[in-house]
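As structure tokens, the structure follows; a few thoughts come after it.
Here, each number is a calculation from the coordinates, and none is a lab measurement. Every value quoted in this text rests on a predicted model; they were computed, and no experiment measured them. Cβ: placed from backbone, ideal geometry, glycine included. Neighbour counts: every protein chain shown.
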Amino acid sequence: MSESQALVPAPAWRRGSAAPPLLLAGSILLYVGVAFWTGQTKMLETDGVIGLLERMVALGIVALGQTFAIIAGSIDLSVANMISVAAVLASFIMHGRADMMLAAVLVVLAVSALVGVVNGAIISRLKVNPFIATLGVGLILQGLLSASFTDFAGSVPREFQAVAYGSFGVVPYSVAALFVLAALASFVLWATRFGAHLYAVGGNAEGARLAGIRTDLVTTGAHVVCSLSAGVTGLYLASRLRSGAPWIGRDGVYDLESIAVVVIGGTLLAGGRGGVWGTLAGVLLFASLDAAFNMMGVSAYPKLVLRGAIVIAAVAVYTVRTRGHVA
Amino acid sequence: MTLALDEARRRSRAIDAARRINIAAVVFLVFYLTVGVLQPTYLEPAGVMNFLRRAAPLAILASGQIFVLVSGGFDLSVGSLVTLTVIGGSMLTANDPSKTWWAIAVLYAIGFVVGLINGAVVAYLRTPSIIATLGALLSVNGAAMMWCGGAPRGYLPDNFRMFGRFVFHDVPLIKIFPLAIVVLAAVCGLAYWGLHGTVFGRRVFAVGDNARAAELAGVQVAYVRLGVFVISALAAVTAGVMLAGFGGVSIDVGLGLELQAIAACVVGGVQLMGGRGTLVGAVAGALTLTALFALLTLLGLPQPLKETAQGTILIAAVAFGAWRRRRVG
């Protein structure tokens, strides 16, 4: 594999844009500004900030995985459905019994990995456009799930609820887990061969293939990571909601929102460039927006309208300087 | 010798013709005949007419979506625009039949503006259309909910609903003739002409195939992009007016239609990322999906498995297309 190392790109941080720091500053400014403006300075104390960070967890974990898929030049629209499958499966297997926790988690992770392999195989073997492949797999998953379960299924035991509600001192486990996972993801992207290959395949798949990289395995690996992250998000949501229902992933719009935050975080939708810290900054922007809208008392529907406009604006900030054509 | 050459030529021409047959048309016929065997009323003229009426909104959406797909983009906002049209129609007419035509004009104007914004964001802000139209999807859905205050109410006047609902009775030969089929034929004819018969259509293909090359050849790429998104949005408003005649006013009439429209095009052989596709294929794809849904209903499968079947056929259609392109180039 030594010849492939010639293709290893410069570390992502060196080629990255100034996006994450700017986004971070903007999000914090927005949150703090609105808190002062509405006089809700209580939101700036520990509880308020922890609450803000907790808003990031579900979207954050799945967006980390989505970052891998997008850097590899792919995209994953099946994550929302995968989240529902994971949550329902977990709470159905546990059925309130603590001794089934480990089994449920293992089954969920195995199923997620399998879905990732299927996504990767359809894309790299059958040469199906990733948009259609993962959309199709998502529809298949959702159909099977909704045909089997129509409502909340089973429940998670009290011990498992600790995942969402437990904490080290003031820092909730879930928030700590998000940052640990982000650190792990950025280590994989920057410091491992798999990470380097992801950038290579996303930047120029044919070039990477000619350089001796097994592009099919890299694409599949990216999708396995992405599906696993969706599975973990599903476990977290099952813990937080105390049960899983077949609509929770879709209601959270995790598919489209995870793509949006990845792109807002400066990762190129075409692949080959980006990183997880930008994604986390994008997630923080969404969380701050939500919190700011709540503080200002904006009702649900105008919030939706603004959110759509902000997604476009946040992405347009980068793309407006693009030279080439974009479709 | 010449005989053998003639023979070979004839055979290659037959292969060519076979290749040109749209696979979706074949699949559609298989599905439809299966449906007909299970439920013979589908084979009667009235059954065919009713089937076409039900397929009309999806076929119209696909006729608009194909322009965007061929130009290399996606339009994810059409489903929410259908919802906005139905809800907006009920709010604007407020049960007063005399306001129908004015309301329809306003809805088309809204659709035009949404399409123009989509196109402008893609063409001038260079935002990928997946993100641009996704943002539009969220905003338009939010706007529809805001308009009706979250709870759609009221009814649509009958003359608003007639496009989807009205049926001419006692027509010779076919007995019934839904007005929806007239609209369907008009939209498909117009779209066929626009995509395959005009300079604009050629430019859409050129931009989708290679936008840079098209630009160097003198095509105003930005105008083409504006055009395709406007066409798709206007088709969505048309589909919305049709669907208003099918059921009641609700917030989820358009839910998921954007994906069904893209699926219909893809099943009909339209290539994602642009440059390839035919209108006949897109319409055949829409008919195939509708026939598939009818088949699944007849087989008594639970509603959710429709999604599973749709996902499977979607992947199969694209995999088959990719395989065929690798084989025959």
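Among A:F187, B:F166, which comes first, second and so on when ranked by fewest other beta-carbon atoms within 10 Å?
On the way: A:F187 12, B:F166 16.
Final ranking by Cβ density, sparse to dense: A:F187, B:F166.
Computed as a quarter of the hull surface, the mean projected area of the alpha carbon convex hull for region A:133-201 stands at 7.9 nm².
Might you report the magnitude of the Cβ-based charge dipole of the protein assembly as shown about its Cα centre, with Lys and Arg at +1 and Asp and Glu at -1, to the nearest 20 debye?
Numbers: 43 positive and 27 negative charges, 299 e Å.
Result for the protein assembly as shown is approximately 1440 debye, rounded to the nearest 20.
Taking every alpha-carbon pair under 8 Å whose residues sit at least 6 apart, chain A reaches a relative contact order of 36 percent.
Between beta-carbons, use under 15 Å as the cut-off and find the net charge around B:V241, counting Lys and Arg +1, Asp and Glu -1.
Local net charge: +3.
Highest GNM mean-square fluctuation among A:T41, A:T233, A:T219, for chain A modelled with Cα contacts below 10 Å: A:T41. Here the spin labels are modelled as points 7 Å beyond Cα on the Cα-Cβ line, and at B:V113 and A:V171 they lie 4.9 nm apart.
Could you calculate the FRET efficiency of A:L30 with A:D216 from 1/(1 + (r/R0)^6), where r is the beta carbon distance between them and R0 is 41 Å, rounded to 0.05? Step by step, r from the Cβ atoms, then E = 0.45. Using Cβ point charges alone (K and R +1, D and E -1), the dipole size of region A:2-319 about the Cα centre works out to roughly 340 debye.
Each semi-axis of the equivalent ellipsoid for region B:29-69 is √(5λ) with λ an eigenvalue of the Cα gyration tensor; in descending order they amount to 26, 12, 5 Å.
Using the beta-carbon distance between B:W147 and A:T46 and R0 = 51 Å, what value does 1/(1 + (r/R0)^6) give for FRET efficiency, to the nearest 0.05?
Working: r = 41 Å, r/R0 = 0.80.
For B:W147 and A:T46, the calculated efficiency is 0.80.
Near A:F131, once Lys and Arg are set to +1 and Asp and Glu to -1 for all other residues with Cβ below 15 Å from its Cβ, the sum equals -3.
Under a Gaussian network description of chain A, with springs only between Cα atoms under 10 Å, the residue in A:Q40, A:Q161, A:Q142 that fluctuates furthest is A:Q40. Listing B:R126, B:R202, A:R321, B:R225 from fewest to most neighbouring C-beta atoms within 10 Å gives A:R321, B:R202, B:R126, B:R225. Using 7 Å Cα-to-Cβ label points, what is the A:W37/A:A110 separation (nm, one decimal)? Using points 7 Å along Cα→Cβ, the separation is 5.2 nm. Dimensions of region A:2-319 based on its C-alpha atoms, expressed as ranges along the principal axes with the largest first, amount to 58, 44, 36 Å.
Could you please rank B:Y155, B:Y192, A:Y31, A:Y199, placing first whichever residue has the fewest other Cβ atoms within 10 Å of its Cβ?
Numbers: B:Y155 13, B:Y192 17, A:Y31 23, A:Y199 28.
Placing the least packed residue first, the sequence is B:Y155, B:Y192, A:Y31, A:Y199.
Among B:L292, B:V249, B:F67, whose Cα sits farthest toward the positive end of the charge dipole of chain B (+1 at Cβ of Lys/Arg, -1 at Cβ of Asp/Glu, about the Cα centre)? About the Cα centre, the residue reaching furthest to the positive side is B:F67.
If only the Cβ of Lys and Arg carry +1 and only the Cβ of Asp and Glu carry -1, the dipole of region A:225-298 around its Cα centre is close to 140 debye.
Can you return the lysines within cross-link range of B:K306? Criterion is Cα-Cα under 28 Å, with same-chain partners fewer than 8 residues away left out. Those lysines meeting the cut-off are A:K127. Largest GNM mean-square fluctuation among A:D255, A:D216, A:D47, using chain A with Cα springs under 10 Å: A:D47. Each residue of region A:276-292 is assigned a 3J(HN,Hα), and the resulting list reads 7, 5, x, 4, 4, 4, x, 5, 4, 4, 4, 5, 5, 4, 4, 5, 5 Hz, derived from the Karplus form 6.51 cos²θ - 1.76 cosθ + 1.60 (θ = phi - 60°), x at Gly and Pro.
Can you tell me the equivalent ellipsoid semi-axes for region B:1-120? Use √(5λ) from the Cα gyration tensor, largest first, whole Å.
Values: eigenvalues 367, 116, 26 Å².
So the three semi-axes of region B:1-120 are 43, 24, 11 Å.
Across chain B, the convex hull enclosing all Cα atoms gives 166 Å³ per residue. Can you grab the distance from the C-alpha centre of region A:83-136 to the C-alpha centre of region B:113-137, Å, no decimals? Spelled out, the Cα-based centre of one part sits 32 Å from the other. Under 5 Å from the amide H of A:G244 lie the amide H atoms of A:S91, A:A153, each residue being 5 or more positions distant or on a separate chain, with H modelled from the backbone and absent for Pro and chain starts.
Can you tally the net charge around A:A291? Count Lys and Arg as +1, Asp and Glu as -1, for every other residue whose Cβ sits under 14 Å from the Cβ of A:A291. Could the numbers behind the result be given before it?
Working: positive: A:K42, A:R55, A:K303, A:R307; negative: A:E45, A:D47, A:E54, A:D290.
Around A:A291, the surrounding residues sum to 0.
Under 28 Å from the Cα of A:K42, which lysines turn up, not counting those fewer than eight places away in the same chain? Once the sequence-local lysines are set aside, what remains near A:K42 is A:K303. May I ask you to derive the FRET efficiency for A:D251 and B:A105 from their Cβ-Cβ distance with R0 = 30 Å, giving the value to the nearest 0.05? According to the calculation, E is roughly 0.25.
What number results when the radius of gyration of the protein assembly as shown, computed over Cα atoms, is divided by 2.2 N^0.38 Å? Let's see the in-between values first.
Numbers: Rg = 25.5 Å, N = 656, 2.2 N^0.38 = 25.9 Å.
Dividing the Cα Rg of the protein assembly as shown by 2.2 N^0.38 Å gives 0.99.
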